[in-house]
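Structure first, then comments.
The values are calculated or read from the model by the stated rules, or taken from the named source; none is laboratory data. Just so we're clear, the structure is a prediction, and the values are computed from it rather than from any experiment. Here the Cβ positions follow ideal geometry from the backbone for every residue, glycine too, while neighbour counts run over all protein chains shown. With ligands, DNA and RNA removed, areas are computed over all heavy atoms of the protein, side chains included. Shrake-Rupley method; radii C 1.70, N 1.55, O 1.52, S 1.80 Å.
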Amino acid sequence: MDSQTLDLKSLIRSIPDYPKAGIIFRDITSLIAHGEGFRQSVRELAAPFQEMGISKVAGIEARGFIFGGAIADLLGVGFVPIRKQGKLPGEVVGQDYALEYGTDRIELHADAIAPGEKVLLIDDLIATGGTAVAAIELLERVGGDIVASAFVIDLPDLGGANLLRDKGVKVHCLMAFEGL
Ligand code: AMP
């Protein structure tokens, strides 16, 4: 690491027992509040994808929008929001996915991706991979070719990144934390 390179992991704030006992919440607000830290994280997230022919960046609500919008700008391509149910005004496709208790639903505009477009999926963190797998299914349903995904944080003990790799999606993460 040269003197110009920040230790991004030290800019993540860890909050124990949030939102419930036993979970350590990995908070990216402390990273994005740091101008150089935010810029470096966006550049490092986008770096492997400069020459991959990506034509859309898809971000998952809400923290995936913060990084995804900046990465789309850096790559010079469009941004597509994957939103919680009921937020998008046009015709949508939706996908349910399992939470620890119950289910949730994400939606995508049906015309957001042209058939065959190469898509890069972005979120702040991958844990079990349930959210990202649901997002990939949606993007594939509208014809996207999901070539890669990038996350600031990986929680490898929860297996989500390997789940995506098993589906043939390249996974790029800037750091990892052990445990839940
Ligand atoms: P998963 O579907 O299990 O991969 O969970 C990923 C989503 O939940 C991401 O959108 C994260 O923002 C959020 N998330 C899960 N676990 C944590 C955690 N320990 N700290 C912060 N966010 C988390």
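With every protein chain in place and a 1.4 angstrom probe, the accessible-area ranking of GLU140, GLU178, largest first, reads GLU178, GLU140.
For segment 48-176, the solvent-accessible area with a 1.4 angstrom probe is 44 square angstrom per residue.
Ratio of alpha-carbon Rg to the 2.2 N^0.38 Å globular estimate for segment 14-78, to two decimals, please.
Normalised Rg, Cα atoms only: 1.31.
Divide the volume of the convex hull around the Cα atoms of the chain by the residue count and you get 121 Å³ per residue.
Note on segment 54-154: with charges restricted to the Cβ of Lys and Arg (+1) and Asp and Glu (-1), its dipole about the Cα centre is near 180 debye. Per-residue ellipticity at 222 nm from helix content only, as computed over the chain with -39500 (n - 2.57) for each DSSP H run of at least four residues, stands at -7500 deg cm²/dmol. In straight-distance terms, cross-link reach from LYS9 covers every one of the lysines whose alpha-carbon lies under 27 Å from its own, apart from those fewer than eight places away in the same chain; here that gives LYS20, LYS170.
I'd like the FRET efficiency for ASN162 and PHE25, computed as 1/(1 + (r/R0)^6) with the beta carbon distance as r and R0 of 25 Å, rounded to 0.05.
Details: r = 22 Å, r/R0 = 0.90.
Efficiency at R0 = 25 Å is approximately 0.65.
Think of each Lys and Arg Cβ as +1 and each Asp and Glu Cβ as -1; about the Cα centre, that makes the dipole of the chain roughly 160 debye.
Farthest toward the positive end of the dipole of segment 48-176, out of VAL77, GLY102, MET175, is the Cα of VAL77, where the dipole comes from beta carbon charges about the Cα centre. Applying a DSSP loop filter and a limit of 14 other Cβ atoms within 10 Å to the trypsin sites (Lys or Arg not before Pro) in segment 14-56 leaves LYS20.
For segment 1-130, averaging the sequence separation of C-alpha pairs within contact (under 8 Å, six or more residues apart) and dividing by the residue count gives a relative contact order of 21 percent.
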